[in-house]
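First comes the structure, then the notes that go with it.
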Amino acid sequence: MNEFKEKILKICNDTRKGTLMETLDIEYTDVGENYLVAKMPVGPKVFQPDGVLHGGATVALAESVGSAASYVFLDAQKFFIRGIEIAANHVRSIKEGEVFARATILHKGRTTQLWEIRITDAEQNLISLCKLTTIALARS
């Protein structure tokens, strides 16, 4: 892995401490020119009562990776990033293993950004497809 990727992933992973991302064991694993990837283990901590991945945990993963991607691809020194809308379609359940979230930029405006987040299992089966809109607010 090159030095740029290592630096970005270290920054993203360091920001997890004491947050929901740490609670859910979300880990950022890859970054590229227009995407960021994170993974989350699937187990009892993120289950619905019937033993499958909870949609809320999936959405938390999606918003986490999409918001982190906004920080990576915008000037985080100048802006606060906030999610303002998220939509999720859950198409497959999963009971064990890991899920992977890949946030890809669809629109990078000066104020708003639109992200597609594909949640897949280890075999690249689509679990959920999410769309996240973020807003960049100027720091004072």
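The values are calculated or read from the model by the stated rules, or taken from the named source; none is laboratory data. Since this is a predicted model, take the numbers as computed values, not measurements. Please note: Cβ atoms are built from the backbone with ideal geometry, for glycine as well, and neighbour counts cover all protein chains shown.
For the range 36-93, give me each residue that is surrounded by 14 or more Cβ atoms within 10 Å (Cβ to Cβ), polar (S, T, N, Q) and in contact (Cβ under 8 Å) with a residue 60 or more places away in the chain. Listed by number, the residues that qualify are THR58, SER67, SER70. Cβ-Cβ contacts under 8 Å between residues 6 or more apart (or on different chains), taken from a first residue in the range 119-136 that is without any contact (Cβ under 8 Å) to a residue 40 or more places away in the chain and under 13 Å from PHE100 (Cα atoms) to a second residue that is of a type in the set (Ser, Thr, Tyr) and surrounded by fewer than 21 Cβ atoms within 10 Å (Cβ to Cβ), are listed as LEU126/THR120.
Residues that are modelled with pLDDT of 95 or more and touching a helix residue (DSSP H, G or I) at 6+ places or on another chain (Cβ under 7 Å) within the range 69-98 comprise ILE86, ALA88, HIS90, listed in sequence order. What number of residues in the range 80-117 are of a type in the set (Asp, Glu), in a strand (DSSP E or B) and out of contact with any Cys (no Cβ under 8 Å at 6 or more places or on another chain)? Summing the residues that are of a type in the set (Asp, Glu), in a strand (DSSP E or B) and out of contact with any Cys (no Cβ under 8 Å at 6 or more places or on another chain) in the range 80-117 gives 2. Scan the range 94-115 for residues that are closer than 21 Å to GLY56 by Cβ and buried (at least 17 other Cβ atoms within 10 Å of the Cβ) and the total you get is 7.
If we scan the range 2-23, do we find a residue that is part of a strand (DSSP E or B), among the hydrophobic types (A, V, I, L, M, F, W, C) and surrounded by 14 or more Cβ atoms within 10 Å (Cβ to Cβ)? No, every residue in the range 2-23 fails to be part of a strand (DSSP E or B), among the hydrophobic types (A, V, I, L, M, F, W, C) and surrounded by 14 or more Cβ atoms within 10 Å (Cβ to Cβ).
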